[in-house]
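Undergrad: Take a look at this one; I'll ask things after.
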Amino acid sequence: MTTKKTGPKAPVTPSLPERVRVLVIGAGFAGLGAAIKLDESGETDFVVVDKGQTVGGTWRDNTYPGAACDVPSQLYSFSFAPNPNWSRSFSPQPEIQAYLEDVARRSGVLDRFRFGVTVEDAAWDEADQVWNVSTSDGTVTADVVISCSGGLSEPKLPEIEGIEDFAGEIFHSARWDHDVDLTGKRVAIIGTGASAIQIIPSIAEQVGRLDVYQRTAPWVMPRHDRAYTGLERLAFRHVPFFQKAYRTGIYWGRETFVPAFTWQPKIATPAKLAALGNIKKGISDPDLQAKVTPDFQIGCKRILISNTYYPALARDNVEVVTDGIAAITPHGVVTRDGTEREIDCLIVATGFHTTDQPIAHHIKGRDGRTLGDVWGERGVASYKGTTTSGFPNLFQIVGANTGLGHSSMVFMIESQIAYILSALEQMKAGGITAVEPTAEAQAAWNADLQRRMKRTVWSTGGCSSWYLDEHGNNTTLWPRTTFAFRGLLRTFDIDKYETRTAPAVDKEQVA
Ligand code: N01
């Protein structure tokens, strides 16, 4: 399996300091946003580490053909760094990556980033009230750790018999091997999720044959994408508030989808009709139409958007295979009916470790157990998706139940950054060395979330998805409006936390 990274060459960065106040793990949207806002708040004693060679995170790593955002870029960008130059409503990956690199450069925080550094372990030291973090570049001690490692960073490989023995080229969608020329080749792709539906139309014409292994047909709506006119771009740049108003319009437009997900799935009937129309428009063969028509409620899995996916499936050199994969041989894929389809290249578009994030197994809390141990026992649960009982001074961005089915994760990320900055400010002002949500606050938060979750389409829509863990609990998505989330995270609610102060400060207070 190819694990090669792409992107600009590693800048030469100094090695890690031994001590920092804040260590940020990950340099994607979350880590970069946190770094910029930490700096703006006057907190300059921080370092950001990332195993990659530049900023961008999932946008740096996902370079597959056709990669683009599926939330309009006007909203899928930092509110504090608007980009008047977006070329179109849904920007392609290179443009998003260039945006992130540009924001990083202009913000003047890049000197605090250390690339090519992998976090191996982080352990809370209760005596000294610090995190000791071992990395591929040495050990760093930090008062506070902000984990921005993201939910879509670790590719998930399918457990299919024989996959290790495949003799042709094989790579995951998130680790695209650009050295492989697909022209004229017999190619198979496993998966029909958000990544696959962007890849398939982008390579269908180029390859000799394409077998699409579909386990579950997704709902795919038309993609209302267009290039911005020169006049619009001029207005974004020069007309005061125009871009802000445009972004606000998109924000509220998307927020109207919330009731359909969280309250009454029938509200999504027009979306369902549009998606069914999309099938009919792209495919004329009734058998293929039936094969790609989903059998679950729209919204239960992520709703995808594409105008080119169904026409690609309808091509003569493309076959949608639904028989189920029994095994992979050195030269092909064998389906449950015993048919072997020979191929030269296998693309694995099977998603990410979302509910079982590998980093959780490397973060050890107050009692020496890892986040992975704790979550393995009780299920993934945090307080406000940001802090976790038993793990003092650990903040997670894009943590439990912060994902969205309808709007921009950047909005959620910025809400969490504000919460963390408020925490750091209150800690500083109060001489507080450690904060940790009380077990009661965390339990109440999660009870409320899971109560709300019961009526969402993600629970009732008749599908299985990566939103749900092995117990059927939805620990990934936020079941309310994004403005509710922002409101709840506006200020750090220290009364819901156990706090500790440095012994010196205690003595001063006594005196
Ligand atoms: O992954 P997925 P993804 N045998 O998990 C199938 C974001 N994203 O990389 O549905 C056969 O959605 C699986 O089948 P099933 C976005 O948040 C955003 O596509 O489980 N098939 C499914 O079809 C998205 O939700 C953009 O039955 C197997 C597919 O593989 C998230 O990333 C673009 C299998 C996995 O789909 C992940 O998307 C791309 C097996 N053993 C991604 N195992 C934007 O546009 C899995 N599958 C912003």
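Every number here is computed from the coordinates shown, using simple stated rules; none is lab data. Model, not experiment: these values are computed from the prediction. All Cβ positions, even for glycine, are placed from backbone atoms using ideal geometry, and neighbour counts span all protein chains on display.
Undergrad: All other residues with a Cβ under 10 Å from the Cβ of LEU210 taken together, and with Lys, Arg as +1 and Asp, Glu as -1, what is their net charge?
TA: Within the 10 Å Cβ shell, the charges total +1.
Undergrad: I'd like the distance separating the alpha-carbon centroids of the range 286-343 and the range 120-142, in whole Å.
TA: Cα centres, the range 286-343 to the range 120-142: 46 Å.
Undergrad: Just in the range 219-273: which trypsin sites (Lys or Arg not before Pro) are loop by DSSP and have at most 16 other Cβ atoms within 10 Å?
TA: When the trypsin sites (Lys or Arg not before Pro) of the range 219-273 are filtered for loop state and at most 16 Cβ neighbours within 10 Å, ARG226 remain.
Undergrad: For the range 274-279, in order, what is each residue's ³J(HN,Hα) by Karplus, 6.51 cos²θ - 1.76 cosθ + 1.60 with θ = phi - 60°, in whole Hz (x at glycine and Pro)?
TA: 5, 5, 5, x, 5, 5
Undergrad: Here is a further query. I'd like the Kirkwood hydrodynamic radius of the range 411-460, using the inverse of the mean 1/r over distinct C-alpha pairs, in Å.
TA: About 13.4 Å for the range 411-460.
Undergrad: Can you tell me the Rg and the Dmax, both Å, for the Cα atoms in the range 296-345?
TA: Just the Cα atoms of the range 296-345 yield Rg and Dmax of 14.4, 38 Å.
Undergrad: Something else now. Sorting check: for 85-91, 281-287, which peptide has the highest mean count of neighbouring beta carbons within 10 Å, and how do the rest follow?
TA: Averaged packing, sorted descending, gives the order 85-91, 281-287.
Undergrad: Hey, another quick one. Distances longer than 27 Å among the Cα atoms of the range 358-493: what percent of all pairs is that?
TA: 19 percent
Undergrad: Taking C-beta distances below 4.7 angstrom as the pairing criterion, name the unpartnered cysteines of the chain, in sequence order.
TA: Lone cysteines by the Cβ rule: CYS69, CYS148, CYS345.
Undergrad: Relative to the compact-globule scaling 2.2 N^0.38 Å, provide the ratio for the alpha-carbon radius of gyration of the range 129-175.
TA: Ratio of Cα Rg to 2.2 N^0.38 Å: 1.87.
Undergrad: Another question, if that's okay. Counting only other residues whose beta carbon sits under 12 Å from that of ALA127, what net charge do I get with K and R as +1, D and E as -1?
TA: -1
Undergrad: Could I ask something else about it? Please report the antiparallel percentage of DSSP beta bridges with both residues in the chain, rounded to the nearest 5.
TA: Restricted to the chain, the bridges split so that about 45 percent are antiparallel.
Undergrad: Now, a different point. Between VAL239 and HIS331, with labels modelled 7 Å along Cα→Cβ, what's the label distance in nm to one decimal, could you check?
TA: Modelled inter-label distance: 6.3 nm.
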